[in-house]
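Note sheet for the following structure.
The values are calculated or read from the model by the stated rules, or taken from the named source; none is laboratory data. Remember, it's a predicted structure, so these values are computed and weren't measured experimentally. Cβ placement follows ideal geometry from the backbone for every residue including glycine, while neighbour counts extend to all protein chains displayed. Accessible surface is based on the protein model in full, side chains and every heavy atom, while ligands, DNA and RNA are left aside. Shrake-Rupley method; radii C 1.70, N 1.55, O 1.52, S 1.80 Å.
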Amino acid sequence: LVNPDRIVLGGELGAATELLLEPLRRGLADTAMPAAVEAVRVLPAQLGERAAALGAVALALSSPLPVPR
């Protein structure tokens, strides 16, 4: 039902990325349809521990400012 084109490991899992990448790829190969496995990329997150803070800033900057009443 879900067919992502990318799986990104980050957040709490970010510290264990090197340990998780290959087992996750093998698990996908063992359980998913071959076409889905070929289409998905499993990647480590690029933002590291700053991901939550940067996401909050991006969300704040993309939201319209409230209009005072």
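How many Å² of accessible area per residue for the chain, probe 1.4 Å? Provide the component values of the computation, followed by the final result.
Values: 5970 Å² over 69 residues.
I get 87 Å² per residue for this part.
Rg and Dmax of the chain, both derived from C-alpha coordinates alone, stand at 16.9, 58 Å. Helix-only arithmetic for the chain: the sum of -39500 (n - 2.57) across DSSP H runs with n ≥ 4, divided by the residue total, places the mean residue ellipticity at 222 nm at -14500 deg cm²/dmol.
To the nearest ten degrees, helix 51-62 and the longest principal axis of the Cα atoms of the chain are 50 degrees apart. If R0 is 25 Å, the Cβ-Cβ spacing of Arg6 and Leu61 corresponds to a FRET efficiency of close to 0.60. Between the listed residues Thr31, Ala56, Ala45, the Cα displaced farthest toward the positive end of the dipole of the chain, a dipole computed from Cβ unit charges relative to the Cα centre, is found at Ala56.
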